[in-house]
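No value in this document is a laboratory result; all are computed from the given coordinates. All figures in this text were calculated on a predicted structure; none of them were measured in a lab. When we count neighbours, we look across all protein chains shown, and the Cβ atoms used for this are built from the backbone with ideal geometry, even at glycine.
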Amino acid sequence: MDFETIVRIAPGQLSTSIGDEAVILNLDRGAYYGLNVSGAGLWRKLEESVHVAELHQWMLSTYDVTPEVARRDLLAHLNKLAELGLIEVVQAKPSSSAPSSSSERRP
């Protein structure tokens, strides 16, 4: 996952706010998760498909954090949410090892 990746909440998640925090129920796994204030804010941003870069900018404008710390924490949190099946990658940058789609002609 990188800044060009687009993510959103995966289907099958129910969530609600409790004060400034959030609770998520993963219907497929029958598990629930709690998010603190910053996690709940991020969760609300994921309700619609969003670039990871936009989430990073939101973190920088919302919290007193350096770009490096925001990047590290954001990617760690998103990867954990994806691992738990709570979010999905909608679009990712193609792998650099993928074949080129250019139409070069060889002699």
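Quick look at the values:
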read-out	value
Top of 20, 64, 73 by mean-square fluctuation, Gaussian network on the chain, Cα under 10 Å	64
Within the chain, longest stretch clear of exposed GluC sites (Glu not before Pro) (DSSP loop, no more than 14 other Cβ within 10 Å)	49-103
Taking N as its residue count, the alpha carbon Rg of the range 6-91 over 2.2 N^0.38 Å	1.04
Gaussian network model of the chain, springs between alpha carbon atoms under 10 Å - residue of 15, 38, 61 with greatest fluctuation	61
For the chain, calculated [θ]222 nm from helices alone, where every DSSP H run of n ≥ 4 adds -39500 (n - 2.57)	-11000 deg cm²/dmol
